[in-house]
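The values are calculated or read from the model by the stated rules, or taken from the named source; none is laboratory data. From a predicted model like this one, the values you see are computed outputs, not experimental measurements. Glycine also receives a Cβ, built like all others from the backbone with ideal geometry; neighbour counts cover every protein chain displayed. Please note that ligands, DNA and RNA were not included when accessible areas were found on the heavy atoms of the full protein model with its side chains. Shrake-Rupley method; radii C 1.70, N 1.55, O 1.52, S 1.80 Å.
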Amino acid sequence: DTPPGVDEGAGTLTFTVSLSNPSAFPIGVCYIDVPGTATPLLDYTPVAPGGPCLPPFNTVSFAAGVTSQPIVVPILEDAWDEADEVFGMNLTGPAPGSSPVGPGVIAGTGTILDNDATPQITLSDPIAAVAETGGPTLTFTATLDVASSFPVTVDCATQDGTALAGEDYVGGSAAPCFTFAPGTTGPQTINVLVLDDTMWEPTNPQTFNLNLSNPVNATIFDGLATGTINDDELQPTMSINSVTQSEGTTPMTFTVTLTG
């Protein structure tokens with residue numbers, strides 16, 4: 001028969017082989033597993049290798065009068081988030097020297113239920129602050145805590161803080177921003193260009209955020225990271241000139257100057 005689905009951490013999946021009625025003679029039946037979406041040695045332990053069907057390999061045996069026997073298949077645990085998977089178990093005919101059991105191939109289906117949590121995405125701050133000079137980039141990094149059998153994507157967008165998009169950095173959004181192929185956990189990176197200017201800015205350093213949103217096949221564990229920009233201009237200094245002119249003429253004009 002087709003057993004109910006079992007959790008991949010359950011250890012085993014049991015098929016039940018039944019006779020329509022008891023027999024006065026011992027009966028042996030050959031069986032073989034058939035991979036489906038479940039993969040042998042990754043999701044379950046296959047039965048003994050194919051070839052001659054000889055007890056106790058690939059054979060389920062019924063003593064006289066017995067009508068039900070199990071085929072127990074070990075199920076293997078993994079850490080991937082994946083869809084439920086199936087494989088087949090076929091009865092291919094009587095074992096050598098056994099009484100006939102009827103014609104054709106009789107098939108059952110085993111279902112392995114995934115028990116792994118959906119991956120979580122973590123966005124990390126750039127390793128260090130950068131100076132605005134020369135137009136450097138700030139690198140943001142995203143990782144998954146575990147691999148998935150599905151592709152994982154997430155969108156992102158910048159958010160002004162004391163640093164302003166278009167003045168201090170090139171802001172924007174991307175959909176998707178990070179993409180993880182099945183089986184990978186990263187790291188995935190994105191670079192944000194920092195803009196140079198010639199103005200001293202009293203708030204130093206300046207910061208902006210990168211925010212994650214709309215994850216697909218994952219959840220967001222930490223979706224906010226901060227980029228830091230160090231201003232490279234010196235604070236301006238002020239000077240005033242001296243003026244000499246004859247009395248009784250136009251008013252004196254003094255000029256106050258900033259260095260930058």
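Screening region 130-204 for strands (runs of 3 or more DSSP E) wholly inside it with 2 or more residues that are surrounded by 13 or more Cβ atoms within 10 Å (Cβ to Cβ) and of a type outside the set (V, I, T) returns the ranges 137-144, 152-160, 173-180. When the criteria are applied in full, A174 fails the requirement of being modelled with pLDDT under 95 and farther than 24 Å from P119 by Cα. When the residues of region 112-129 are filtered to those that are of a type in the set (V, I, T) and assigned to a strand (DSSP E or B), the one that is surrounded by the fewest Cβ atoms within 10 Å (Cβ to Cβ) is T122.
Total residues in region 1-20 satisfying the condition of being in a loop (DSSP other than H, G, I, E, B), small (G, A, S) and open to solvent by 70 Å² or more (accessible area, probe 1.4 Å): the figure is 1.
Would you confirm, using the coordinates I've provided, whether L258 is under 60 Å from the mean Cα position of the chain (by Cα) and at pLDDT below 90? Criteria met by L258. Which numbered condition trips up S242, out of (1) assigned to a loop (DSSP other than H, G, I, E, B); (2) within 54 Å of the chain's Cα centre (by Cα)? For S242, the failing item is (2). Could you tell me whether region 21-38 includes any residue that is in contact with a Gly (Cβ under 9 Å, 6 or more places away or on another chain), surrounded by fewer than 12 Cβ atoms within 10 Å (Cβ to Cβ), at pLDDT below 85 and assigned to a loop (DSSP other than H, G, I, E, B)? Within region 21-38, not a single residue is in contact with a Gly (Cβ under 9 Å, 6 or more places away or on another chain), surrounded by fewer than 12 Cβ atoms within 10 Å (Cβ to Cβ), at pLDDT below 85 and assigned to a loop (DSSP other than H, G, I, E, B). Taking every residue in region 70-84 that is over 16 Å from P182 (Cβ atoms) and among the β-branched types (V, I, T) and pairing it with any residue that is open to solvent by less than 20 Å² (accessible area, probe 1.4 Å) and part of a loop (DSSP other than H, G, I, E, B), at least 6 positions away or on another chain, the pairs with Cβ-Cβ distances below 7 Å are I75/E8. Across region 77-94, which residue is nearest to the chain's Cα centre (by Cα) among those that are open to solvent by less than 30 Å² (accessible area, probe 1.4 Å) and farther than 29 Å from T59 by Cβ? Among those that are open to solvent by less than 30 Å² (accessible area, probe 1.4 Å) and farther than 29 Å from T59 by Cβ, it is D81.
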